Each structure stands twice: as structure tokens, then as C-alpha cells.
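Undergrad: The structure under discussion is supplied below as C-alpha cells; questions concerning it will follow.
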Amino acid sequence: MATEETTISKALKGGEFLITETKAEDIFIPEQWDEEQQMIAQANRDFLAQEVWPLLEEIDAQKEGLVVSILKKAGELGLLGVSLPEEYGGFGKDFNTSLLATEANGSGHSFTVSMAAHTGIGTLPIYYYGTKEQKEKYLPGLASGEFFAAYCLTEPSSGSDANSGKTKAIPTSDGKHYLINGQKMWITNAGFAEIFIVFAKIEDDKNLSAFIVEKAFGGITLNPEEHKMGIKGSSTRQVFFNDCKIPAENLLGERNQGFKIAMNILNIGRIKLAAACMGGCKNIITLSTRYANEREQFGKPISSYGAIQYKLAEQAIRTFVTESATYRCGQNIDDAIKSYMDEGMDLEAAQLKGVEQFAIEAAILKVFGSEVLDYVADEGVQIYGGMGYSADAPMERAYRDARINRIFEGTNEINRMLTVDMILKRAMKGELDLMGHAKAVGDELLAVPDFGDVDDSLFAAEKRYVAGMKKAVLMVAGSAAQKLMMELANEQEILMNLADMIMDTYAAESVQLRVEKMVGMSSEESCSEQLDMMRVFITDAGDRVNKAGKDALNGFAEGDELRIMLMGMKRFTKQEPFNTKNARRRIAARIIDENQYPY
């Protein structure tokens, strides 16, 4: 582990991975979980196995009171308060441990959505922004399952553009209350929540404010449950506020601060969604493997065929990479929190600031994790064949339930654009020396290539490849920002290309660092499949970065400038040949032998 001194001084800035070289010893990897953390994860997995999986049909049918009764059991076991301080009935665990608990709950289908909405966007706004009195009043009950919460942000005319919401909060003449009027939609847990975090504009304010609204205040009506493609067992309703009278002291945070509250809570939700997706992936891979080992065609198990082995291996590779990146970022957040507290911030402010600092990585992980789950679920259906399409087998539900994650917590398109936007804004503020490094890459393009001695140590090639991907990103981002300037915001296709390049680069570096640290903790021989996973992913990521980079460059550059940069793209993404077929077969052999996701 890093020393306290280096922990505080190293990558405390989100996005810095693009312009700095991270050392393997400075990151956290899942192989470092301690016994207590593993026990928390196991308690969550056991809870799903005992209380949720046997009742998935009844949950999807929205059997009256069932989800509430299961949530209350989770509260009795302390599973609803992992990250809340002990004084409010929680376990007081750090951010990375809360991610681990979220992963362990990730394969609970609709129940996972209900629980995550309650413990995350429903509870955390009060914890992070509430007054002492608000916390004491609400948090213990939310942690114990005495009552449940919902988060009311989206409106019929304001989804991605959340700050354009029309719900109003008008102060009464005596200033002691607000009257809230408006409509919210797609509200998870609305059917049984007693507490609503409601975003509304006070009078003619330009920005939202946030409020803690109790259902008991009155003036709240609900539409019937929405009929959804997936996550059918989670309550999703429209909520109407008609002169809903709330005490003035239930304003959450400061007036006009609501949009900031919403965005900061969504930052937390984004990285936690990646963790939950990872839990779903691991369960699907195990189910896929067991079916492939049992199902025989042409006289032998379908797991013995290369096409199926490719799918199992690729499912595992992408899941392993997601895990590597997620807990790397989670530890970065914890390190930042500690640093801010050392500077004198109180715990809640430091936690918010720590997550906000890594909002770039949170957006990357939300997109990456949700798209990996989509891939894993899709291939799970394919491995099951006809049974994959049957509601009598588990893949049909997994496939439908996975799809929402690319929309939750801001669509993947919005998060891609946010990723690039946040990086460029930090560069313009001088927080990231993006343009300085981009200029250095431009100078390198015009210089004679250095064909000096090649390092042939174990991870040297992969480190070169990752460094090249970073140069490719810097070249395209720097050139696009310079050439298009303010127009870049309107070139969404180029922003998407850039975001994909950044995402693959972060993921590739994360898995390389994890495997390097694993080898350092054990041996090369004991990590042979992890080395294979790293090499396959980085090989494929290099090709994707090359394609996205070329598409972006062709979209705004021309002439000699374009030709030079296309040559640079080829140089920066060049890799030595690697037999990915045999590597995937070795990975699949381990999965098939253990009859489950083994990593």
C-alpha cells in the first residue's frame, strides 16, 4: 500500500491519469480486501440468495408489500447503512467498502434497484447536505428500514436537462412553510416511500432547490405503476404535488443549491452503478458457464466449443477490467477524502469533495460498467440459445433488467459528453495541464522517432501501449479543442469518439496496474490467466482507440495536418502481434473447470 505521504500527494485530481504515470503499488486492487470487508460482501450475497432469488417471480409481479418486507429485513441486518456513520445507525465504512457492498447486491434484479435507490439517491442527500437536526430526524429510520426514500428529480419535460424542471416551491406569507406544486416522473420507490427528496425552484429562481418531503405532509398523489421493459419488480410511478405544505426547515442545503446537490449525488450513483453492474456480470457468467457445461450438442458439452469459449472468456475479461477500474477509482476517492480531512474539512464535506474530484472517472465507469453488463447479458442469452429467450430460464430477466443501466444516472451519451467536457473545463481552469502535454505530443509527431533500446520486462510492452493510447487521446483532444474551440461542444460525434478513447485508455491502464500489482504480491505463474486477460483487453482496446481516433480526426482535420495526425494515430496505437484466440481459450478453460466466474 502507498505510504500516507504519497497517498496525499499523488493523483488527487480526477482526469490526471491522462497526463501522469500511475505506479502499480499506488492503486488498490480487490485482492487486498480485508476479512471484515469480505464478510460485509458475503452478508449481502447471502441475503440475496436467501431472501431475493427465491422470490424473483413474486417481486416482478409486485406482490403487495413484498419488496418492503425484504427491505425491512435488510435494515434489521444493517445492510441499508453500510456507509452511514454509526451515530445514525450505520456501519461507518469507507467509500470503497460501500462499493463492494453495492457489487455484492448487484445481482438482485429489481430488488437491487429498490435498495440502491433507497440507500443512495434517497438517503445520501440528507446525509451529505442535511442539517444536524435533519440527520438526527431521518437517517436512523432510513438506515434501519423504519421508512424508505425516493428521489424526485426527473419531470416530463426535463430529463437530461434536469435544471429546467418546472416544479415550484412558493413560501407562505409567514415564511414558515413552502407550498410545492408540480409533477415528477420515473420515480423509483414512489409506491412505498415515506420520504421524498424533491427538487423544485423557489419562486422565480433560475436554479433548483432541494427539499425533504414527508408523504404524511399531504398534497401528494401517485399515478399507477409504470409498465416497464425490465426491472418490473421495482416501484416506478409519477408523483404529483398539489399545494404540498412542508416546513421551511425541510429545505435541504441552501436555496439554489439543488442542482449541485443533484449532480453530486449522481456522481456517487454513477460509480455505484458500475459496481452493481459488475455484481450482475459475475452472476450471469456463473449461470452461463453452468449451462454451457450441462448442455450437450453433437455429443459433447457446448462449453467444449471455441465459439462458446470465446463468449465466456470475453464476458470474464470485460468484467475483470470493470472491477479493476472501479476499485482503483474508489480508493482514489477515499484517499482524496482523507487528504481533504487532513486539510481541515469535516467528514461530509470531504466525502462530497472527494467524489466530485473524481466525477470524470465516475462518468467513465458508469458508461463502461453498464455497457459491459449489456454485453455479458446479451452473450448469456446467446449461450443459453432458445432457453435464453424463455422466461423459465434466468437470462431473459437478466437481459431485460440490464438495459436500464445505460439510461439510469444520466444516459451514456450524456456521460460520454460530460467526460470530455469536465476534462476540458479542468484544463481551461489550469487544474490539468492538458494542452501542455498535447503540445508535447504534437512536437513528438514532428520529431524523428526514438528507436532506442526496447525494455523487455514483463509489463513494459503493455505500459508502452497504454502510454501510446494516452498520446492518441491528447493529440485528438488538443487538436480538436484548438481547431474547433467553442464549436467543439456542438460536434457530438467527435465528443463521443474522444470519450470512447478516454474510457478504453482508463480501463486498459487500470487492468495493467492491477495485474502488475497481483504479480508483485504473488508470482507470474499464479497470475497467468490475469496476464492473458490484460493482454487481450489491451490488444483490443488499442484497435478501438485507433478506430475512434481516426473517425474523430477525419471529422475535423484535413490536408497535411490530417495526414500527419493519422500517421501519429497509427504510431501511437501500434502493438506487437498477440494470439488472443489461445489466450481466451486458456481463460475459458479455468472458468469451465471451476464451473463459475473464478476471479
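Undergrad: If I filter the stretch 486-529 down to residues being more than 23 Å from the chain's Cα centre (by Cα) and among the acidic types (D, E), which single residue comes out as modelled with the lowest pLDDT?
TA: Checked the stretch 486-529; the qualifying residue modelled with the lowest pLDDT is E487.
Undergrad: Here are M263, M345: which of them is in a helix (DSSP H, G or I) and outside the structural domain of P125 (by TED's automatic domain parsing)?
TA: M263
Undergrad: Please pick out the residue among A552, A557 that is of a type in the set (A, V, I, L, M, F, W, C) and over 21 Å from A507 (Cβ atoms).
TA: Only one candidate qualifies: A557.
Undergrad: Same structure, new question: Return yes or no: is G14 under 27 Å from A460 (Cα atoms), touching a Phe, Trp or Tyr at 6+ places or on another chain (Cβ under 7 Å) and crowded, with 20+ Cβ neighbours inside 10 Å?
TA: Judged against the criteria, G14 is a match.
Undergrad: Restricting the search to the stretch 94-123, which residues are within 11 Å of A150 (Cα to Cα) and more than 15 Å from the chain's Cα centre (by Cα)?
TA: Hits for the stretch 94-123 are S114, M115, H118, T119, G122, T123.
Undergrad: Which one is surrounded by the most Cβ atoms within 10 Å (Cβ to Cβ), of the residues in the stretch 560-594 that are touching a helix residue (DSSP H, G or I) at 6+ places or on another chain (Cβ under 6 Å) and not in a helix (DSSP H, G or I)?
TA: T573
Undergrad: Here is a further query. Any residue at all in the stretch 341-349 that is crowded, with 20+ Cβ neighbours inside 10 Å and either touching a helix residue (DSSP H, G or I) at 6+ places or on another chain (Cβ under 9 Å) or under 15 Å from S288 (Cα atoms) (or both)?
TA: Within the stretch 341-349 (the criterion being crowded, with 20+ Cβ neighbours inside 10 Å and either touching a helix residue (DSSP H, G or I) at 6+ places or on another chain (Cβ under 9 Å) or under 15 Å from S288 (Cα atoms) (or both)), the answer is no, since none of the residues qualifies.
Undergrad: Further question: Determine which member of the set A307, A248 is of a type in the set (G, A, S) and either more than 30 Å from I170 (Cβ to Cβ) or crowded, with 17+ Cβ neighbours inside 10 Å (or both).
TA: A307
Undergrad: On the given criteria, is N242 more than 17 Å from A193 (Cα to Cα) and part of a helix (DSSP H, G or I)?
TA: The answer is no for N242.
Undergrad: For the stretch 200-215, check the following and say yes or no: at least one residue is more than 28 Å from E348 (Cα to Cα) and either surrounded by fewer than 21 Cβ atoms within 10 Å (Cβ to Cβ) or free of Cβ contacts under 8 Å to residues at least 60 places away in the same chain (or both).
TA: Yes: one or more hits.
Listed here are the residues, each with its yes/no results for (1) aliphatic (A, V, I, L, M); (2) touching a residue at least 40 places away in the same chain (Cβ under 8 Å); (3) surrounded by fewer than 18 Cβ atoms within 10 Å (Cβ to Cβ).
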site	(1), (2), (3)
R514	no, yes, no
M518	yes, yes, no
E524	no, yes, yes
E529	no, yes, no
M534	yes, yes, no
I538	yes, yes, no
K547	no, no, yes
L553	yes, yes, no
E558	no, no, yes
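Undergrad: Would the stretch 275-288 turn up any residue that is out of contact with any Pro (no Cβ under 8 Å at 6 or more places or on another chain) and more than 19 Å from L373 (Cα to Cα)?
TA: No - not one qualifying residue is present in the stretch 275-288.
Undergrad: Shifting gears a bit: Take the stretch 19-62 and flag every residue that is of a type in the set (V, I, T), farther than 21 Å from F320 by Cα and outside any helix (DSSP H, G or I).
TA: Residues satisfying the conditions are I19, T20.
Undergrad: Another one. Collect the residues in the stretch 197-206 that are over 24 Å from the mean Cα position of the chain (by Cα) and outside any loop (DSSP other than H, G, I, E, B), keeping them in residue-number order.
TA: A200, K201, I202
Undergrad: Looking at the stretch 386-440, which of its residues are of a type in the set (S, T, N, Q) and under 24 Å from the mean Cα position of the chain (by Cα)?
TA: Selection gives N405, T411, N412, N415, T419.
Undergrad: OK, next. Restricting attention to the stretch 365-396, report how many residues are in contact with a Lys or Arg (Cβ under 9 Å, 6 or more places away or on another chain) and either free of Cβ contacts under 8 Å to residues at least 24 places away in the same chain or over 15 Å from G279 (Cα atoms) (or both).
TA: 8
Undergrad: Right, another one. Would you confirm whether or not the stretch 477-485 contains a residue that is at pLDDT 95 or above, within 25 Å of the chain's Cα centre (by Cα), assigned by TED's automatic domain parsing to the domain that holds K547 and not basic (K, R)?
TA: yes
Undergrad: Considering only the stretch 54-65, how many residues are without any contact (Cβ under 8 Å) to a residue 24 or more places away in the chain and either polar (S, T, N, Q) or surrounded by 14 or more Cβ atoms within 10 Å (Cβ to Cβ) (or both)?
TA: Within the stretch 54-65, residues that are without any contact (Cβ under 8 Å) to a residue 24 or more places away in the chain and either polar (S, T, N, Q) or surrounded by 14 or more Cβ atoms within 10 Å (Cβ to Cβ) (or both) number 1.
Undergrad: Still on this structure, I have one more. How many residues are surrounded by 15 or more Cβ atoms within 10 Å (Cβ to Cβ) and of a type outside the set (S, T, N, Q) when one looks only at the stretch 17-40?
TA: So the count comes out to 11.
Undergrad: Moving on. Do we have any residue at all in the stretch 515-526 that's among the aliphatic types (A, V, I, L, M) and under 21 Å from E371 (Cα atoms)?
TA: No, the conditions are met nowhere in the stretch 515-526.
The values are calculated or read from the model by the stated rules, or taken from the named source; none is laboratory data. Model, not experiment: these values are computed from the prediction. Here Cβ is always computed from backbone atoms with ideal geometry, including for glycine, and neighbour counts include all displayed protein chains.
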